[in-house]
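Nothing in this text is a laboratory measurement; each read-out follows from the coordinates by a stated rule. All values derive from a computational prediction rather than experimental measurement. Cβ atoms come from the backbone with ideal geometry, glycine included; neighbour counts cover every protein chain shown.
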Amino acid sequence: MAKKKENTLYCSFCGRSDREVELLLPGMNGCICNDCAERAVELSREYLDKMSRSMLTDIDMDSLPKPAEIKAYLDEYVIGQETAKRYLSVAVYNHYKRLNQHHDDDIDIEKSNIIIVGPTGTGKTLLAKTIARMLKVPFAIVDATVLTEAGYVGEDIESLLTRLLAACDYNVAEAERGIVFIDEIDKIARKGDNPSITRDVSGEGVQQGLLKLLEGSVVNVPPQGGRKHPEQKMIAVDTKNILFICGGAFEGIERKIAQRLNTHVVGYGAGNHVSKADRDKLLHFVAPQDLRSYGLIPEIIGRLPILTNLEPLDRDALLRILTEPKNAIVRQYKKLLEMDGVELVIEDDVLGFIVDKSIEYKLGARGLRSLFETIMIDVMYQAPSLGKKRYVLTREFAEHQLSKSNFEVLSEVS
């Protein structure tokens, strides 16, 4: 209890007077100084972290979505890509089971990081965003293109975990059980065929730095994003239980795959064992040695044991993408006009026209949105003011809209 002599207050914890401390907070039956208050906060945080770790050791397996349920959820938003969705569903479910493992035997379940190879516009990032909606662990999507070695312009490798911490309100215990999706992993490929003898600050050097994150180690993470705040206190994060999913387009890797397949046969007609149909789907045969030929170092390939691919989207898949997913672009525009009291009717040949143009310009699924928005811009501008209750989108109108846009320049160049 604080003592009071000659109007002097004393800290009830350390006994120092108000003259010996910077701040003394009085209470009903005593006082506490700023030093004791700060120490009490630190002890409280340590205790709460330990409590949260113990509370999170067990996961209710009965309430977890099974792999088939995870895939069914992905089917509602992502068209096709059956193989990749199966790999992701199993990997996420096994991640939950690994977190729920009781170490009562000598079996230690190791995490299986994933790498997804697929052309641009086939749904790598969409898969990651969709699966993040249903997860019960923190999920963060980061971009590998901004990463450089420490000390250079760009973001440090440790900043990958900053977004994961932000996703769980900087609860370290939850972040250490999360999932990180690293997009554009192919952009940090080695620039040459030989190991770098100089600083490859955004290529091989970043791969070397990623090794400790993928494998599992205690990493000091800057909570505010690195060198911009050098005086900040670092947060120690153990990446042992963090699942990493990597994705990349790996533009031109088909040539590496074709070279490898053609060298496996000796004799006349060695290059004829791959049919023409298979040549259009060479990514289906992607293997770790192809990633190494592309520029990923063997150490990082070994830490990404699960390799799967996304197939190029054909015409039927692109047509389904326009209308079937819950957040399909056609449904979005119908909803937007419905909010203005306008019913949007789209003729069937309009959708086919948009798909054909996307294939012609080699834009993939992303091109569908660009083309549709170019066609709809005048409609969205005029419809709220015209007072019409129904608007029919025809192919003639779509062709006219594209003819006066920059997309016609693309067709002339290609």
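Taking amide H positions as placed 1.01 Å from N in the peptide plane, with prolines and chain starts having none, which residues 5 or more places from Y10, or on another chain, fall under 5 Å of its amide H?
K3
Quick one: Karplus J couplings for region 344-357, per residue in order, coefficients 6.51, -1.76, 1.60, θ = phi - 60°, nearest Hz, x for Gly and Pro?
Calculated HN-Hα couplings, in order: 9, 10, 10, 5, 4, 6, 5, 5, x, 5, 5, 5, 4, 5 Hz.
Going by average Cβ neighbours within 10 Å, how do the peptides 10-21, 335-346 rank, with the highest at the top? Intermediate results must be reported in sequence, preceding the final value.
Numbers: 10-21: 15.8, 335-346: 14.3.
Answer by packing, highest mean first, reads 10-21, 335-346.
Once phi is turned into θ = phi - 60°, what whole-Hz ³J(HN,Hα) does the Karplus curve with 6.51, -1.76 and 1.60 give for every residue of region 12-25, x standing for Gly and Pro?
6, 9, 9, x, 6, 7, 5, 7, 9, 10, 6, 8, 10, 9
Explain nothing, just compute: Karplus ³J(HN,Hα) = 6.51 cos²θ - 1.76 cosθ + 1.60, θ = phi - 60°, for every residue of region 303-308 in order, whole Hz, x for Gly and Pro.
Taking θ as phi minus 60°, the curve returns 8, 10, x, 9, 10, 9 Hz for region 303-308.
For V219, what residues show an amide H to amide H distance below 5 Å, using hydrogens built from the backbone and excluding near sequence neighbours?
V237, D238, T239
Just subtract the alpha-carbon distance of Q259 and T323 from 0.36 nm times their residue separation and send over the number in nm, one decimal. Please report the intermediate quantities before stating the final value.
On the way: separation 64, 0.36 × 64 = 23.04 nm, distance 3.86 nm.
Gain in length upon complete extension: 19.2 nm.
So between R39 and M234, what do we pick up on full extension, going 0.36 nm a residue minus the alpha carbon distance? Walk me through the intermediate numbers first.
On the way: separation 195, 0.36 × 195 = 70.20 nm, distance 1.81 nm.
Gain on extension, R39 to M234, equals 68.4 nm.
Starting from the 7 Å offset along Cα-to-Cβ, what nm value, one decimal, do you get for the label separation of T83 and I306?
1.5 nm
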